[in-house]
Amino acid sequence: MTATLPAAGRTPVRRLAGLLHRRPRLRLSLLLTAPLLWLAVLYLGSLAVLFVSAFWTTDSFTSEVVKVWSTDNFHALLTTPVFREVILRSIGVALAVTVLCALIAFPLAFYTARVARPRWRPLLVVAILTPLWASYLVKVYAWRLILSQGGLADWMLQPFGLSGPGFGLPAAVITLTYLWLPYMILPIHTALGQLPANLLDASADLGARPGRTFRSVVLPMVLPSVAAGSVFTFSLSLGDYITVQIVGGKTQLIGNLVYSNIELNLPMAAALGTVPVVVIVLYLLAMRRTGALSSL
């Protein structure tokens, strides 16, 4: 028989520990209350303030925020050609970066997961993660030096009679692709590593060529991981503004307009800030059908 302490000898800490031990749901609720409250107050609360302030206006004479309900900011976003062009350009850049990351990541992940020797695979994964340990600004300024006039890109292309892209939209896409490429490689590497080898052998035994095996066996099983990686590359590229400001030349994206309007027209900056949020939510809903969210 198990000896129990008398009621008088139980301290409040022991009684509380016994209560939590008997009620695991209460223990889980207390464990999650603090982080969920932090998320609700800081993250969801800030989004709520962002959406509310987007419906305010700014006094054209004093530049003071007028807390009067109005849809003028959203009407300007839909009717002003400059805003429409910047929004479409930002979405196009995010999609281009995502496609480039997928095209580059797939062969690299296939090599690290299926071709390289098992003892080398952890080292290759560490090599893929190494750029993430470097400072964001250091990497962007390094690309600024590479893409600048007379830089490494010009030096490498000069024998072919070509020159580097310089500063502009292509430079921004190249730099963003480099920054977010590891987020695409890792989920694809994991999916390819979990791919049963007998499926590939069975496909070859049935007479399928490598291209048919890739389309019918590999791609359907890896596609959710590709979509999961695209969630990171798309969302991070859509909201980025520092890279565009450093290597983008005169290119303007949504983030740059938000930054430039924060002090002059805060409600318009808030309205512009809602665009990436809405686009990313729609993108997540689209990716949910591919099973990407379960692969994150």
Give me the Kirkwood hydrodynamic radius of segment 232-271, using the inverse of the mean 1/r over all pairs of distinct Cα atoms, in Å to one decimal.
10.6
Rounded to the nearest 0.05, what FRET efficiency do VAL13 and LEU129 give with R0 = 41 Å and r taken as the Cβ-Cβ distance? Could you check?
0.45
Could you provide, to the nearest whole Å², the per residue accessible area of the chain with probe 1.4 Å?
63
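Between PHE61 and TYR259, what is the FRET efficiency for a Förster distance of 22 Å, r being their Cβ-Cβ separation, to the nearest 0.05?
On the way: r = 24 Å, r/R0 = 1.08.
Once the sixth-power term is evaluated, E becomes 0.40.
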With every protein chain in place, the chain: carbon and sulfur % of accessible area (1.4 Å)
68
On each of the three principal axes of the Cα atoms of segment 136-260, give max minus min coordinate, whole Å, ordered largest first.
56, 41, 21
Mean Cβ neighbour count within 10 Å, used as a protection proxy, ranking 84-91, 28-35, 207-214 highest first
84-91, 207-214, 28-35
Projected onto their principal axes, the Cα atoms of segment 8-124 stretch, largest extent first, over whole-Å spans of 74, 57, 22
To the nearest 500 deg cm²/dmol, what mean residue ellipticity at 222 nm is calculated for the chain from DSSP H runs of n ≥ 4 alone, each contributing -39,500 (n - 2.57), summed and divided by the residues?
-21500 deg cm²/dmol
What are the equivalent ellipsoid semi-axes of segment 150-195, built from the alpha-carbon gyration tensor (square roots of five times its eigenvalues), in whole angstrom, biggest first?
32, 13, 7
Give the separation of the Cα centroids, segment 226-273 to segment 49-119, in Å.
6
Take LEU47 and THR80, extend 7 Å from each Cα along the Cα→Cβ direction, and tell me the distance between the two endpoints in nm.
2.5
How do LEU157, LEU176 stack up against each other in accessible area, from largest to smallest, with a 1.4 angstrom probe?
LEU157, LEU176
At least 24 Å along the helix axis (C-alpha) and Kyte average at least 0.5, DSSP helices within the chain
81-110, 169-193, 219-238, 266-288
Amide H contacts under 5 Å for THR57, placed H, 5+ residues apart:
VAL66, VAL68
Prolate/oblate/rounded call for segment 38-96, Cα gyration tensor, a/c under 1.5 rounded:
oblate
Given charges of +1 on the Cβ of Lys and Arg and -1 on the Cβ of Asp and Glu, with all other atoms neutral, how large is the dipole of segment 51-144 about its Cα centre, in debye to the nearest 20?
920
Here the Cα Rg-to-2.2 N^0.38 Å ratio for the chain is 1.35
FRET efficiency for ALA116 and TYR141 from the Cβ-Cβ distance with R0 = 41 Å, rounded to 0.05, comes out at 0.80
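The values are calculated or read from the model by the stated rules, or taken from the named source; none is laboratory data. What you are looking at is a predicted structure, and each value in this text was computed from that prediction instead of being measured. Every residue, glycine among them, receives a Cβ derived from its backbone with ideal geometry; neighbour counts consider all protein chains shown. Side chains included, ligands, DNA and RNA excluded: accessible areas come from the protein's heavy atoms. Shrake-Rupley method; radii C 1.70, N 1.55, O 1.52, S 1.80 Å.
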